[in-house]
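Enquirer: This is the structure I have questions about; it appears just below.
What follows is calculated from the coordinates using simple rules that are stated; it is not laboratory data. Keep in mind it's a predicted model, so treat the numbers as computed, not measured. Glycine also receives a Cβ, built like all others from the backbone with ideal geometry; neighbour counts cover every protein chain displayed.
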Amino acid sequence: MTEQTRHYDFAADALFLDFDGTLVDLAPQPEDIVVPPELITLLQRIQQESDGALAIVSGRPLDQLDFFLAPLRLPMAGVHGAERRTADGRIIQLPVADVHHLRERLLPLVTAHPDLQLELKRGALALHYRHAPHLEQRCIETMMEALRHEPGFSMLNGKMVVEAKPHTNKGDAVAAFMNESPFRGRRPVFVGDDVTDEAGFAVAQAESPGQTVRGLGIKVGVGPSQARVRVGDPAAVRALLRAALEAGPAGRPRQEETAG
């Protein structure tokens, strides 16, 4: 089913945005991403228009997100919801498993193949194979075997990465934000590009008691998704948000296509 043309209403929506692959283009290494000059100003304007009902929901840790989005200090969920900063600035950290033993199990593979990269986070570990795509199956099998001996993690296959993450997900983070001011009572809109964002789409689009308009998931890029809307790439996401701001509160065009 194709979405009917609607309008953004930052006075009524709660906007949740993934970061890598959604607001910024993916890069060969996580530290190599480039933040478009317009992005900071765009997010500042949305934060003002929405009375603060804007949050970043990412697999990255909070400190990395803060670095790339400085000087902004937005509400954020990092490491798939294992850590979260509320709108009033409180930091909430959920209990997570120690990743160091897991890292030791993966090091022999990374040592043997220098094109692989291990990214260590609080309670999570990502094995990137963007520079060695032929090692995808080897990375998946090695991670699966390592997790047999290290409980406390879930495994996710993302874009050129296999990740051991806490038993939390982006949907949990969205649900937590929606129980807090200024998100409470608004229509949730979640924008993301990867398999890790499907949990966010599910929560945003679920029917909730007392909610007159169901929320919306927006998938960025190709691939199967439960999101009801699709846009092409991060540049299209930024253009969509910019057009909504420029149209003003009386009518913000939402360009929506069928999600596949």
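Enquirer: Put +1 on the Cβ of each Lys and Arg and -1 on the Cβ of each Asp and Glu in segment 100-165; which of ILE140, MET160, GLY123 then has its Cα farthest toward the positive end of the dipole?
Expert: Checking the options against the dipole of segment 100-165, the answer is GLY123.
Enquirer: Then there is this: Rounded to the nearest 5, what is the percent of antiparallel bridges among the DSSP beta bridges in segment 1-120? Numbers along the way, then the final one.
Expert: Values: 6 of 12 bridges.
Counting only bridges with both partners in segment 1-120, antiparallel ones make up about 50 percent.
Enquirer: May I ask for the Kirkwood hydrodynamic radius of segment 100-165, worked out over all distinct Cα pairs and given in angstroms to one decimal?
Expert: That comes to 11.5 Å for segment 100-165.
Enquirer: What is the ratio of the Cα radius of gyration of segment 60-112 to 2.2 N^0.38 Å, where N is its residue count, to two decimals? Spell out each step's value before the answer.
Expert: On the way: Rg = 14.7 Å, N = 53, 2.2 N^0.38 = 9.9 Å.
Cα-based Rg divided by the globular estimate yields 1.47.
Enquirer: Any idea what the dipole of segment 33-186 comes to, in debye rounded to 20, about its Cα centre with Lys/Arg Cβ at +1 and Asp/Glu Cβ at -1? Intermediate values should be presented prior to the final figure.
Expert: Details: 18 positive and 18 negative charges, 36 e Å.
That gives a dipole near 180 debye.
Enquirer: Here's another thing I want to ask about it. Only four residue types carry charge here, +1 at the Cβ of Lys and Arg and -1 at the Cβ of Asp and Glu. Report the dipole size of segment 136-177 about the Cα centre in Debye, rounded to the nearest 20.
Expert: Details: 5 positive and 6 negative charges, 24 e Å.
I would put it at about 120 debye.
Enquirer: Continuing with the same structure: Using only alpha carbon pairs under 8 Å that are at least six residues apart, calculate the relative contact order of the chain and give it in whole percent. Walk me through the intermediate numbers first.
Expert: Numbers: 516 pairs, mean separation 58.6, N = 260.
Once divided by the residue count of the chain, the mean separation gives 23 percent.
Enquirer: Please arrange ASP13, ASP63, ASP193 by how many other C-beta atoms lie within 10 Å of their C-beta, fewest to most. If you can, show how the numbers build up before the last one.
Expert: Values: ASP13 23, ASP63 10, ASP193 27.
Result, fewest neighbours first: ASP63, ASP13, ASP193.
Enquirer: Let me ask you something else. Could you list PHE153, PHE201 in order of exposure, starting from the residue whose Cβ has the fewest other Cβ atoms within 10 Å? Can you show the working numbers first?
Expert: Values: PHE153 21, PHE201 27.
Listing PHE153, PHE201 from fewest to most nearby Cβ atoms yields PHE153, PHE201.
Enquirer: For every helix of n ≥ 4 consecutive DSSP H residues, a contribution of -39,500 (n - 2.57) applies; sum these over the chain, divide by its total residues, and give [θ] at 222 nm rounded to the nearest 500 deg cm²/dmol. Spell out each step's value before the answer.
Expert: Values: 7 runs with 79 residues, N = 260.
For the chain, the value works out to -9500 deg cm²/dmol.
Enquirer: Now, a different point. Among LEU54, ALA82, LEU109, which residue has its Cα furthest toward the positive end of the charge dipole of segment 20-142, with +1 on Lys/Arg Cβ and -1 on Asp/Glu Cβ?
Expert: Highest projection toward the positive end goes to ALA82.
Enquirer: Now, a different point. Could you list GLU207, GLU141 in order of exposure, starting from the residue whose Cβ has the fewest other Cβ atoms within 10 Å?
Expert: Details: GLU207 7, GLU141 12.
So the ranking, lowest neighbour count to highest, is GLU207, GLU141.
Enquirer: Sticking with this one: Amide H neighbours of ARG187 under 5 Å, at least 5 residues apart or on other chains, H built in the peptide plane: list them.
Expert: The answer is ASP13, ALA14.
Enquirer: How big is the antiparallel share of DSSP beta bridges in the chain, given as a percent to the nearest 5?
Expert: Around 55 percent antiparallel, to the nearest 5.
Enquirer: Hey, could you grab the Kirkwood Rh for the chain? Inverse mean 1/r over distinct alpha carbon pairs, Å, one decimal. Can you show the working numbers first?
Expert: On the way: mean 1/r = 0.0532 Å⁻¹.
Its Kirkwood hydrodynamic radius stands at 18.8 Å.
Enquirer: With no solvent and one point per C-alpha, what does the Debye sum give as log10 I(q)/I(0) for segment 46-167 at q = 0.12 Å⁻¹?
Expert: -0.50
Enquirer: In debye, nearest 20, what is the charge dipole magnitude of the chain about its Cα centre with +1 on Lys and Arg Cβ and -1 on Asp and Glu Cβ, if you could check?
Expert: Numbers: 28 positive and 35 negative charges, 102 e Å.
Charge dipole of the chain: 480 debye, to the nearest 20.
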